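Colleague: Can you read through this structure? Questions will come right after.
What follows is calculated from the coordinates using simple rules that are stated; it is not laboratory data. Model, not experiment: these values are computed from the prediction. Please note: Cβ atoms are built from the backbone with ideal geometry, for glycine as well, and neighbour counts cover all protein chains shown.
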Amino acid sequence: MDKNTIFEKIKEGVYKLLLLDLFQGLRLTLKQLFKCSITVQYPEESTPKSQRFRGLHALQCYPHGEERCIACKLCEAVCPALAITIGSQLIETDQIRRAKKFEIDLSKCIYCGLCQEVCPVDAIEETLVSNYHFEDRGSQVLTKGTLLKNCIYGGECGSRPTKRPAFSRVTGIDPLI
């Protein structure tokens, strides 16, 4: 017999006799047993969310109440899941195009954030709201009215800091006014 095989058989026998594998597993269990618990009592407590978290959609308004969306349909074009539908109309008095119909089907949405990135006027945002549900199939399509209710300036769901600059470098004016 080879010397290496004899040593390996002796080593295997010692491991089996002294139950070293069992004690290695128990050591790991005991180490985890005395660590601090991370259980969260969900309805009363919530875990912290990342600033990159993408939740419920919202259409943004200016502080004086005018909606930001100019119906350019870039978000509709860039959406990989085809979850956004926009219908536009031209307002005669101001010669501004606005969204007449703005719908997001959350059953199709993959929360990729491309609609938020492509918007030239920062009209659409994915908020930090993650606690929402739908009673029936039709309510998972968010209409323009529902999206405007989620507006950050309304104060209902805005805990995310704005990522926009204080003024526009091109025009030199505040984009939020």
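Colleague: Return the Cα extents of segment 57-154 along principal axes one, two and three, sorted largest first, each rounded to a whole Å.
Modeller: Rounded to whole Å, the extents work out to 40, 28, 24 Å.
Colleague: Could you list the GluC sites (Glu not before Pro) in segment 8-108 that lie in coil according to DSSP, counting only those with at most 11 other Cβ atoms within 10 Å of their Cβ?
Modeller: Filter output for segment 8-108: GLU44, GLU45, GLU66, GLU92.
Colleague: Holding the Cα-Cα limit at 24 Å, pick out from LYS11/LYS31; LYS49/LYS149; LYS11/LYS35 the pairs that are longer than that.
Modeller: Details: LYS11/LYS31 26 Å; LYS49/LYS149 22 Å; LYS11/LYS35 33 Å.
Long pairs (Cα-Cα over 24 Å): LYS11/LYS31; LYS11/LYS35.
Colleague: A further question follows. Loop-only check: which trypsin sites (Lys or Arg not before Pro) in segment 23-90 are DSSP coil with at most 14 other Cβ within 10 angstrom?
Modeller: Listed in order of number, the matching sites are LYS35, LYS49, ARG52.
Colleague: Find, among the chymotrypsin sites (Phe, Trp or Tyr not before Pro) in segment 5-34, those assigned to loop by DSSP (not H, G, I, E, B) with at most 12 other beta-carbon atoms within 10 angstrom.
Modeller: Those satisfying the criteria are PHE34.
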